[in-house]
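First up is the structure itself, then whatever we jot down about it.
The values are calculated or read from the model by the stated rules, or taken from the named source; none is laboratory data. Since the structure is predicted, the reported quantities are computational estimates derived from the model, not experimental observations. Neighbour counts are summed over all protein chains in view; Cβ atoms, including those assigned to glycine, are modelled from backbone coordinates with ideal geometry.
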Amino acid sequence: MIFGFLLSSLIDRVPFNTEALPTIKTFPVNYDPMYYILAFVFSFLTTYWAGLFPSRKASKMDPVSIIRGK
């Protein structure tokens, strides 16, 4: 999230000139905290689910057979 914030602040400084929006001088970036909260929740849930399924499968296996490589 810190990397995303730093990247957003870097993108916010990029010049953005368009005839359709003459009042905007830099690329528009929204720093609403809700986006950071959603990013945290999404990353937490996907990491949880990505770790849950392999660990449940591994818990049903015999540890000795895993160590022996069978």
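Being of a type in the set (A, V, I, L, M, F, W, C) and either in contact with a Phe, Trp or Tyr (Cβ under 9 Å, 6 or more places away or on another chain) or touching a residue at least 12 places away in the same chain (Cβ under 8 Å) (or both) narrows it down to one residue among 37, 11; which is it?
Sole residue among the options that is of a type in the set (A, V, I, L, M, F, W, C) and either in contact with a Phe, Trp or Tyr (Cβ under 9 Å, 6 or more places away or on another chain) or touching a residue at least 12 places away in the same chain (Cβ under 8 Å) (or both): 11.
Tell me which residues, restricted to segment 1-12, are surrounded by 10 or more Cβ atoms within 10 Å (Cβ to Cβ) and out of contact with any Pro (no Cβ under 9 Å at 6 or more places or on another chain).
Of everything in segment 1-12, those that are surrounded by 10 or more Cβ atoms within 10 Å (Cβ to Cβ) and out of contact with any Pro (no Cβ under 9 Å at 6 or more places or on another chain) turn out to be 1, 4, 5, 6, 7, 8, 9, 10, 11.
Considering only segment 26-40, how many residues are loosely packed, with under 10 Cβ neighbours inside 10 Å and either in contact with a strand residue (DSSP E or B) (Cβ under 7 Å, 6 or more places away or on another chain) or within 12 Å of residue 1 (Cα to Cα) (or both)?
Matching residues across segment 26-40 total 1.
Condition test on residue 55, is it within 21 Å of residue 10 (Cβ to Cβ) and part of a helix (DSSP H, G or I)?
No; evaluated as a whole, the condition is false for this residue.
Just checking, which of 43, 65 is among the polar types (S, T, N, Q), loosely packed, with under 10 Cβ neighbours inside 10 Å and part of a helix (DSSP H, G or I)?
65
Assuming residue 10 fulfils every condition listed in (1) at pLDDT 90 or above; (2) touching a strand residue (DSSP E or B) at 6+ places or on another chain (Cβ under 8 Å); (3) not polar (S, T, N, Q) apart from one, which condition is it?
Going through (1) at pLDDT 90 or above; (2) touching a strand residue (DSSP E or B) at 6+ places or on another chain (Cβ under 8 Å); (3) not polar (S, T, N, Q) one by one, residue 10 breaks only (2).
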